[in-house]
Amino acid sequence: MSGLHSVRPKNPPAPRFNQADISVINFRRIEIGAMIKLEALRVFVTVAESGNIKDAADVVGRTASAVSMTLKQLEDEIGGPLFQTDRKNSLTALGNLMLDLGREQIRSFDKSVSIMRAFAHSRIGSLSIASVPSVATNVLPPILQRFLEARPQVQVELFDIDSAQVRRMVESGVADIGIAGESRTGGGVEFTPLFSDRFKLLCKDDHELCRLQRPVEWSDLNAATLIRNGASDRIEAEDYKLLSAQSLITVYNVTSLVALVKAGLGLTILPSLTMHDAHDGVAVLELADAAASRKVGLVERRDVPPSPVTAAFRAFALKAIPALVEERLGV
């Protein structure tokens, strides 16, 4: 033989594996395995309940051969036979266990998917609304009733507060959406108009102003006792601001306002919607200042996408609220 010979290393180097590659491989196996198991479990449960492959294949919308292959793959992965015979009408002990566990897993999965779909289509979830009192009392009850008819499982929380607090609650995320008067400052919220609401004068029904045969001028109030409130502070007229600056009484609750006016302690100015329902012993008079009105709209956070329920309520409110207010106020 030739003097040339091959030399083999005594300890050949072991194959090198990158740990990242191993992690990726394991992850892919787990991911694919999980996908196969869910599909396979559904096929297996259907076969077990049908008692044969043909009927089960019709139920799951697959061919009989595909169902047989899925069962074989599941048995290989589990490590044992699930049926006593090829006819698939009798389960092994392992098959009975798999049937119970499979049904539980499928129910859990289907329930989770159903919940996610219901949330995405605004059939479930929560809705927190912050609203000025006049809208909360006179507008939102029928609006929410109609909105919730198709969403009986939606949870609703309603805050009855003034416009400034509405904006703060929406901006801080405590409320999902607000309904309030237009703000002079933008801040972190956006305003979408819904309707305009004129201010009117509220006084005792035997007040001398009731004898006027015309709308009330600001000058007619010079000798009157004016009771301020959060809504009337939004009036821009300089004559009104002078009257407001001299007021010694401020009341924010509408019920308390009406009670004080009825008792003859003074008069006040409120949006028309606030006085939709007549009050005994109280007169509602028109103001001559046509600019004395407020603009009411939706208040939403800037650059924050709404939840499905909030988005659905927003779309519903934009159509339903203006129509209802027009009907109530006749504007």
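Quick one: which residues, 5+ away or cross-chain, put their amide H under 5 Å from the amide H of Arg301? H built at 1.01 Å from N.
Residues meeting the criterion, in which the H sits 1.01 Å from N, are Glu190.
May I ask you to derive the relative contact order of the chain, considering only C-alpha pairs under 8 Å and at least 6 residues apart, and to give it as an integer percent?
Here the relative contact order equals 19 percent.
Using the Karplus curve 6.51 cos²θ - 1.76 cosθ + 1.60 with θ = phi - 60°, what ³J(HN,Hα) values do you get for each residue of the stretch 260-265, in whole Hz, with x for Gly and Pro?
These are the phi-based 3J(HN,Hα) values: 5, 5, 4, 7, x, 6 Hz.
How large is ³J(HN,Hα), in whole Hz, for each residue of the stretch 159-164 in order, when computed from phi with the Karplus curve 6.51 cos²θ - 1.76 cosθ + 1.60 and θ = phi - 60°, using x for Gly and Pro?
Coupling constants for the stretch 159-164: 10, 9, 9, 7, 4, 4 Hz.
Provide the packing ranking of 312-319, 166-173, i.e. peptides ordered by the mean count of other C-beta atoms within 10 Å per residue, highest first.
Values: 312-319: 16.8, 166-173: 19.4.
Put in order of decreasing packing, that is 166-173, 312-319.
From Cα pairs below 8 angstrom and at least 6 apart in sequence, can you work out the relative contact order of the stretch 193-331, rounded to a whole percent?
42 percent
Hey, what did the stretch 109-242 get for relative contact order, percent, Cα under 8 Å, at least 6 apart?
Contact order relative to length: 22 percent.
Taking all protein chains in place and a 1.4 Å probe, what share, in percent, of the accessible surface of the chain do carbon and sulfur account for? Display every interim value, and only then the final one.
Working: 10460 of 19780 Å².
In the chain, the share of accessible area belonging to carbon and sulfur is 53 percent.
Could you point to the residue in Gly181, Gln213, Val166 farthest towards the positive end of the stretch 136-231's charge dipole, with +1 and -1 charges on the Cβ of Lys/Arg and Asp/Glu respectively?
Gln213
Can you compute the helix-only [θ] at 222 nm over the chain? Use -39500 (n - 2.57) per DSSP H run of at least 4 residues, normalise by all residues, nearest 500 deg cm²/dmol.
-14500 deg cm²/dmol
With everything on Cα atoms, drop me the angle between helix 19-50 and the longest principal axis of the chain, reported from 0 to 90° to the nearest 10.
90 degrees
For a quick check: with amide H placed at 1.01 Å from N, whose amide H comes under 5 Å from Val216's, ignoring anything fewer than 5 positions away on the same chain?
It is Glu286, Leu287, Ala288, by chain and number.
Could you give the accessible area per residue of the stretch 86-176, probe 1.4 Å, as a whole number in Å²?
Working: 5330 Å² over 91 residues.
Spelled out: the 1.4 Å probe surface of the stretch 86-176, per residue, equals 59 Å².
So for the stretch 253-331, taking the charge dipole from beta-carbon charges (+1 Lys/Arg, -1 Asp/Glu), which of Val258, Val304, Leu324 sits furthest toward the positive end?
Result: Val304.
Give me the net charge for the shell around Glu49: Cβ to Cβ below 12 angstrom, other residues only, Lys and Arg +1, Asp and Glu -1.
Residues near Glu49 contribute +2 overall.
If you take Rg/Rh (Cα atoms, Kirkwood Rh) from the coordinates, which of (1) 0.97; (2) 1.36; (3) 1.11 do you get?
(2)
The values are calculated or read from the model by the stated rules, or taken from the named source; none is laboratory data. Worth saying up front: this structure is predicted, and the values here are computed from it rather than measured. All Cβ positions, even for glycine, are placed from backbone atoms using ideal geometry, and neighbour counts span all protein chains on display. Note: areas computed on protein heavy atoms with side chains; ligands, DNA, RNA excluded. Shrake-Rupley method; radii C 1.70, N 1.55, O 1.52, S 1.80 Å.
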